[in-house]
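Peer 1: Got a structure for you, questions after.
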Amino acid sequence: MSAVVSSAEDRARGSADPVTRPPRPAAVRVTPVADGPLLVEGPVEIVLPDGTVRRSDRPVVALCMCRRSLREPFCDTSHRRRMRRNQEGTGRRD
């Protein structure tokens, strides 16, 4: 469904031909996760700096914000800290 809009110029000229514009897409929800990725409701197309386009049809896409991901621009959970064993044999977070 297209929206029919008359521009101010059309009205000033008295033009009877309104301008037809495509409908505005629905808003996309983006949720930042503390110390984690941006969650974007999909499907999405991401244009990378080199001009390539990455597409995901998933309902929610996690975009890397820490720049550690090997699947950039998508998050691979590299932002999570890894557990290491200390001398007592218990885990501790780094």
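Only the coordinates and a few stated rules stand behind these numbers; no lab work does. These numbers come from a predicted model, not from an experiment.
Peer 1: For Phe74, which sequence-distant residues (separation of 5 or more, or a different chain) have an amide H within less than 5 Å of its own amide H, given hydrogens modelled in the peptide plane?
Peer 2: Long-range HN contacts for Phe74: Cys64.
Peer 1: Tell me, in nm to one decimal, what length is gained between Thr31 and Val19 on full extension, where the rule is 0.36 nm per residue of separation less the Cα-Cα distance?
Peer 2: 0.8 nm
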